[in-house]
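Reading through the structure tokens given below for one structure.
The values are calculated or read from the model by the stated rules, or taken from the named source; none is laboratory data. Quick caveat, the model's predicted, so the values are computed rather than measured. Quick reminder, even Gly has a Cβ in these numbers, built from the backbone with ideal geometry, and neighbours come from all protein chains shown. Quick note on the areas: whole protein, heavy atoms, side chains included, nothing else; ligands and nucleic acids left out. Shrake-Rupley method; radii C 1.70, N 1.55, O 1.52, S 1.80 Å.
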Amino acid sequence: MEKILSVENLHVSFYSDGGEIAAVRGVSFDVNKGETLAIVGESGSGKSVTAKTLMKLLPKQNSIIKQGDVKYGGKNLVQLTNRDMEKLRGSEISMVFQDPMTSLNPTMTIGKQVMEGLKRHRTMSKKTAYTRTVELLELVGIPDPGERINQYPHQFSGGMRQRVVIAMALACNPKMLIADEPTTALDVTIQAQILELMKELQKKFQTAIILITHDLGVVANMAQRVAVMYAGEIMESGTLDEIFYQPKHPYTWGLLSSMPKLHADRSLPLTPIPGTPPDLSHLPEGCPFAPRCQYALKVCHQYEPGKTKVSTTHTVSCWLEDERAPKVKKPEGIGGMQRGRQSKIAGS
Amino acid sequence: MRNYFLSRLGYMLVTLLIIVTATFFFMQLLPGTPFNNPEKLTEQQLLSLNEKYGLDKPIALQYFIYLGNLLQFDLGLSFQYEGRTVESIIGSRIGPSALIGLQAVVFGTAAGLLLGMISALKHNSFLDYTSVFIAVLGMSVPSFVFAALMQYYLGVKLQWLPAALWRGWEYTIMPSLALSVMVIATVARFIRTEMLEVLGQDYVVTARAKGLTEKAVIVKHVVRNALIPVVTMLGPLTVGIMTGTLVIEKIFAVPGLGEQFTLSIMVNDYSVIMGITLFYSSLFILVVMIVDILYGVLDPRISLKGEG
Ligand SMILES: Nc1ncnc2c1ncn2[C@@H]1O[C@H](COP(=O)(O)OP(=O)(O)O)[C@@H](O)[C@H]1O
Ligand code: SF4
Ligand SMILES: [Mg+2]
């Protein structure tokens with residue numbers, strides 16, 4: 001496997017009137033060529049901030065990368081100048097955003113918006129750029145691309161707009177695509193279509209994808225590897241099977257049991273994790289999940305757990321993995337079953 | 001599209017009719033008579049004058065006669081200037097007002113845009129605070145204060161510019177500047193708010209994510225979208241300029257429409273007051289219509305076909 005991006009010990013903070021918000025705290029992961037890494041976690045866990053940091057798209061006024069490296073193609077993106085970063089954005093690393101209703105410029109034709117990236121990064125004549133844009137729109141499944149190219153975003157449905165955004169992101173054949181909740185704002189059927197499109201294009205172009213989502217069903221359908229994020233940290237990471245069949249972290253257990261199961265009794269309510277994520281400007285000592293964790297030990301409230309390697313690909317941050325900890329059995333019904341959803345999504 | 005214009009035209013005419021009616025009847029409440037030295041006129045003279053101008057007829061009849069004349073673009077005769085039509089008075093006075101008004105709008109808009117954009121791009125910096133301060137000052141201090149200050153310092157003390165009168169282009173500078181203060185302030189505040197709003201939009205992040213240079217992002221995505229709503233300022237600005245000229249032209253002795261208007265009000269020259277009021281209203285209504293059309297052209301989300 002060829003590693004193309006590697007994030008090491010990333011710390012990102014915001015400054016507000018209420019003090020420092022430590023949104024990302026020591027995040028590390030790698031992305032391999034052509035694979036999909038899913039980052040999952042509840043809202044507010046720092047997924048979008050991580051994604052924007054990789055693209056260096058954080059608001060300059062109030063954010064700071066405090067520590068860490070983002071290595072890509074022999075360069076450390078954290079240290080890259082603005083100008084060099086601009087050359088990378090859209091040509092090597094692209095991004096697809098959550099809300100297609102707001103992520104397109106309402107007063108510019110979609111053709112112009114797609115072409116803009118092409119013209120910026122590739123030297124080509126106007127005519128070639130135009131032809132290539134029509135091709136791209138066709139590629140992402142927009143009917144009548146020759147005509148649609150001159151229309152404005154408000155003339156497109158949400159799903160079609162997201163296809164445009166994907167066309168824009170893939171215009172220059174990037175090696176890596178960061179998709180931040182690309183289907184959250186869409187209907188379920190449209191969601192499945194967009195995910196299918198992304199998979200298909202990934203196969204075609206060998207693009208690596210970082211897929212950010214809070215939907216484990218999407219993860220099961222798309223990813224080869226998974227990182228579970230909570231309160232700005234990665235709590236557990238591993239292959240899809242490791243996270244779904246042998247999850248080790250109580251937070252992962254919580255996420256899995258709050259996910260709808262295909263074969264389970266639909267009338268039973270989902271069991272979301274009780275409690276709310278901690279305030280990132282006043283983090284408790286110890287494990288950030290401790291206040292909500294039903295397995296919390298005394299030590300959990302005082303010291304942060306270290307990383308334990310369960311296998312070469314599977315890492316967990318939890319005191320339960322310490323050899324002195326009492327043995328805890330993962331709750332019944334977690335793992336395995338959930339992957340049933342995969343066929344549901346693919347088939348819908 | 002045609003239906004749209006026709007219905008717009010209809011609305012315009014109805015609005016004008018309401019304005020004519022209201023002005024006509026309010027005018028009856030003005031104290032005094034429109035004649036010079038009425039106390040020296042004999043009963044007989046007054047009667048014949050009233051008859052000459054049709055003031056002896058019942059108010060309602062006078063109103064319909066006025067409307068009838070108006071339909072033939074006849075605004076009547078002035079009371080103050082013997083034998084001159086209102087149209088010719090407006091025609092001879094509009095030039096200077098239009099010149100200083102246009103200069104104020106063009107310069108004020110350009111300066112206001114520059115100030116407001118810098119302010120937004122350097123949000124929360126010293127520059128931003130300074131320009132916000134200038135804008136607040138320009139909006140809250142009446143223009144005649146600036147006019148008087150300029151006249152005294154630039155005109156009388158330093159003698160850089162002529163202090164008053166109308167004898168060449170340099171005489172237009174100070175009146176235009178005085179009028180433009182309000183324009184600068186209004187436009188600066190407006191574009192600053194618009195720019196900040198657009199800068200926070202998701203599509204600006206999308207534009208950056210494409211790798212566009214910061215300059216391209218600002219020019220092609222931010223400024224363009226922030227400028228579109230600025231055309232809506234044309235209406236209020238026209239009103240501001242019109243009311244501004246009433247005082248400014250007096251201060252700098254500019255022989256414009258505003259100066260004529262204040263003069264006519266002073267001597268109860270009914271027909272001229274009516275004429276100028278109608279002229280101002282028509283101009284404003286016209287500008288509002290142009291703004292709507294312009295907005296439809298600039299913003300693809302608004303389609304003129306769907307309306308009216
Ligand atoms: N522009 C910002 N200014 C201040 N705080 C921010 C900003 N963006 C994100 N945050 C904070 O960072 C935390 C993580 O946010 P985010 O990465 O958007 O979460 P998510 O996992 O839902 O994508 C949130 O608690 C939020 O308060
Ligand atoms: S470290 Fe302790 S509190 Fe944190 S998840 Fe593990 S058991 Fe729960
Ligand atoms: Mg997010």
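Things to note:
- Test result for A:VAL31, outside any loop (DSSP other than H, G, I, E, B) and either away from ligand 3 (no atom under 16 Å from the Cβ) or within 28 Å of A:PHE244 (Cα to Cα) (or both): yes
- Scope region B:182-198; condition open to solvent by 30 Å² or more (accessible area, probe 1.4 Å) and more than 14 Å from chain A (Cβ to nearest Cβ); matching residues: B:MET182, B:ILE184, B:ARG189, B:PHE190, B:ARG192, B:THR193
- Test: residue in region A:135-144 that is more than 9 Å from chain B (Cβ to nearest Cβ), in contact (Cβ under 8 Å) with a residue 12 or more places away in the chain, closer than 20 Å to B:ALA207 by Cα and part of a helix (DSSP H, G or I): yes
- Restricting attention to region B:1-37 and to residues that are closer than 25 Å to B:MET266 by Cα and aromatic (Phe, Trp, Tyr), the residue that is most open to solvent (accessible area, probe 1.4 Å) turns out to be B:PHE26.
- All positions within region B:78-110 that are small (Gly, Ala, Ser), surrounded by fewer than 17 Cβ atoms within 10 Å (Cβ to Cβ) and under 29 Å from B:HIS221 (Cα atoms): B:ALA110
- Selection from region A:71-89 of residues that are in a helix (DSSP H, G or I), open to solvent by 80 Å² or more (accessible area, probe 1.4 Å) and more than 9 Å from chain B (Cβ to nearest Cβ): A:GLN79
- Among residues of region A:115-130 that are farther than 18 Å from A:ASN105 by Cβ and free of Cβ contacts under 8 Å to residues at least 40 places away in the same chain, those with a Cβ under 9 angstrom from a residue that is of a type outside the set (Asp, Glu) and open to solvent by less than 60 Å² (accessible area, probe 1.4 Å), sequence gap 6+ or separate chain, pair up as A:MET124/A:LEU118; A:LYS126/A:MET115; A:THR128/A:LEU118; A:TYR130/A:GLY111; A:TYR130/A:MET115; A:TYR130/A:ILE149.
- Residue match in region B:114-122 (condition: part of a loop (DSSP other than H, G, I, E, B) and surrounded by 14 or more Cβ atoms within 10 Å (Cβ to Cβ)): yes
- Selected residue (only one of A:SER45, A:SER63 is within 16 Å of ligand 2 (Cβ to nearest atom) and surrounded by 15 or more Cβ atoms within 10 Å (Cβ to Cβ)): A:SER45
- Members of region B:199-220 that are open to solvent by less than 10 Å² (accessible area, probe 1.4 Å) and more than 8 Å from chain A (Cβ to nearest Cβ): B:VAL204, B:VAL217
- Any hit, region A:185-202, residues being within 16 Å of ligand 3 (Cβ to nearest atom) and outside any helix (DSSP H, G or I): yes
- Flag for B:LEU158 being surrounded by 12 or more Cβ atoms within 10 Å (Cβ to Cβ) and without any contact (Cβ under 8 Å) to a residue 12 or more places away in the chain: no
- Taken over region A:1-39, residues that are within 16 Å of ligand 2 (Cβ to nearest atom) and either among the aromatic types (Phe, Trp, Tyr) or buried (at least 23 other Cβ atoms within 10 Å of the Cβ) (or both) amount to 0.
- No other residue among A:LEU137, A:LEU177, A:LEU170 is buried (at least 20 other Cβ atoms within 10 Å of the Cβ) and over 15 Å from A:GLY90 (Cα atoms) apart from A:LEU137.
- Cβ separations smaller than 6 Å between residues 6+ apart or across chains give no pair from region B:54-76 residues that are within 16 Å of B:VAL86 (Cα to Cα) to residues that are assigned to a loop (DSSP other than H, G, I, E, B).
- The residues of region B:225-267 that are open to solvent by less than 30 Å² (accessible area, probe 1.4 Å) and within 14 Å of chain A (Cβ to nearest Cβ), listed by number, are B:ASN225, B:ALA226, B:ILE228, B:PRO229, B:VAL230, B:VAL231.
- Figure legend. Inter-residue proximity from region A:90-106: first residues facing another protein chain (nearest Cβ under 7 Å) and on the phi < 0 side of the Ramachandran plot, second residues hydrophobic (A, V, I, L, M, F, W, C) and open to solvent by 20 Å² or more (accessible area, probe 1.4 Å), beta-carbon distance below 6 Å, spacing 6+ or different chains. Indicated pairs: A:ASP99/A:ALA185; A:SER103/A:PHE97.
- Remark: B:TYR153 falls outside the filter, which requires a residue to be among the hydroxyl-bearing types (Ser, Thr, Tyr) and modelled with pLDDT of 95 or more.
- Check on B:ILE228, part of a helix (DSSP H, G or I), free of Cβ contacts under 8 Å to residues at least 60 places away in the same chain, more than 30 Å from B:GLY32 (Cα to Cα) and not acidic (Asp, Glu): no
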